[in-house]
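Presented below is the structure to which this report refers.
Please treat every number below as a calculation from the coordinates, not as lab data. Because the structure is predicted, anything quoted here is derived from the model rather than measured. We place every Cβ from the backbone using ideal geometry, glycine too, and count neighbours over all the protein chains shown.
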Amino acid sequence: MADIDELLGYFDSLSNWGRWGEQDQLGTLNLVKEDNRRRAAGLVQAGRVVSCAWDIDTTDQPGDSYTAPRRMMTATGQGLADPARVLPASLKTAPRGASASEHWLLHAHGYRLTHLDGLSHIFWDGKMYNGRPAELVTAALGATDLDITGPRHGIVTRGVLLDAAEHRGVDWLGPGDAVTVDEAQAILASKGIDVGPGDALLLRTGYGAKVAAQGRRDNVVKEGRAGWHADCLPWFRERDIALIAADTATDAEPCGYPGITHPIHLVGIVAMGLWLVDNCNLEALAAVCRELGRWEFSLTIAPLAFVGATGSPVNPIATF
């Protein structure tokens, strides 16, 4: 059983509250500076681009925590060629031009959509990041502080892929398999690279390979999933990592801490202001990394500037 007292101590020992001022909206994204972006741009040599996102589809999936994405068409191409089509009274002949449009209904969080968590997404003891009261997220206005518009200018930095499945010599990690700080450092050492301030770390557990082989049959709530271990949190803080991501919902589940779920989310977002991207699809990225023999790349993430939202679907793009 993991040490719950040590984990709870992280809320104080790893805190970034006040580090960038009382009104800070960016948390660890303050660590991404001009030099980080220039360095990321310098990694673009082959001109290859890779998406790290799943398609957004409307099928119900096992273990969905909330409503599956819904697409509600408001205009389509159906009936445009119907000779008996009834036209509005204002039209004598059918117009040659037409259009299609739709409404979207999306729940950004959960276990299926690739999404960026805002700093207003998680609370601990009634507080958000930087000590802001949880009551600032309201039913009428959404997140009135720390909403997803903070990084409206996008995130561009050096990304590094840690391929835990490859490192272990397996197709994918199993439920509850946690990647510890020792393993993360061993993976980096095996590739001859290191990480530092402003970097983004992407963890591949092989979940995308599992989906390709078996389909989406797992119920995450009941069965759990692989992911980061909470003992990585002090290392993220020491190295001043700006963003972490995974091909699962970031935390290994079950996490091993009694009475706690999602410790990376809790400590990372609330105490550290650490930005998380959940549910990436990293299979194509891993394939290109192996092909090129490169595990670092320029990473670009552009969340929707949705006022009051606590997160946003994203399509992270790696460029080599």
Global geometry of region 254-320, whether rounded, prolate or oblate, following the gyration tensor of its Cα atoms and the 1.5 cut on a/c:
oblate
Counting only DSSP beta bridges with both partners in region 112-266, the antiparallel fraction in percent, to the nearest 5, comes to 30 percent
Quick one: work out the % antiparallel among DSSP beta bridges in the chain, nearest 5.
65 percent
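Counting Lys +1, Arg +1, Asp -1, Glu -1, what net charge surrounds residue 312 among other residues with beta carbon under 11 Å of its beta carbon?
Charge balance near residue 312 sits at -1.
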Considering the alpha-carbon set of region 67-112 alone, what are its Rg and its Dmax in angstrom?
16.4, 51
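If you filter region 1-93 for trypsin sites (Lys or Arg not before Pro), then keep DSSP loop positions with at most 11 other Cβ within 10 Å, what is left? Please list the in-between numbers first.
Details: sites: 19, 33, 37, 38, 39, 48, 70, 71, 85, 92; in loops: 19, 33, 48, 85, 92.
Sites meeting the loop and neighbour criteria: 85, 92.
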Which trypsin sites (Lys or Arg not before Pro) in region 201-277 sit in a loop by DSSP (not H, G, I, E or B) and have at most 13 other Cβ atoms within 10 Å of their own Cβ?
217
Let me check I have the definition right: for the chain, take the eigenvalues of the Cα gyration tensor, multiply each by 5, take square roots. What are those semi-axes in whole Å, largest first?
36, 24, 21
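Residues with beta-carbon under 12 Å from that of residue 43, excluding residue 43: net charge, scoring Lys, Arg +1 and Asp, Glu -1? Don't jump to the answer; show the numbers that get you there.
Working: positive: 37, 38, 39, 48, 158, 294; negative: 199, 296.
Residues near residue 43 contribute +4 overall.
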If the convex hull of the alpha-carbon atoms of region 173-320 is projected onto planes in all directions, what is the mean projected area in square nanometres?
9.6 nm²
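For residue 213 and residue 48, calculate 0.36 nm times their separation in residues minus their Cα-Cα distance, and state this gained length in nm to one decimal. Before the final figure, lay out each step's value.
Values: separation 165, 0.36 × 165 = 59.40 nm, distance 2.60 nm.
Full-extension gain reported as 56.8 nm.
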Residue separation times 0.36 nm, minus the C-alpha to C-alpha distance between residue 186 and residue 105: what's the value?
25.0 nm
0 to 90° range, to nearest 10: angle between helix 181-191 axis and the chain longest Cα axis
80 degrees
Where in region 1-69 are there GluC sites (Glu not before Pro) that are in a DSSP coil and have at most 11 other Cβ atoms within 10 angstrom of their Cβ?
22
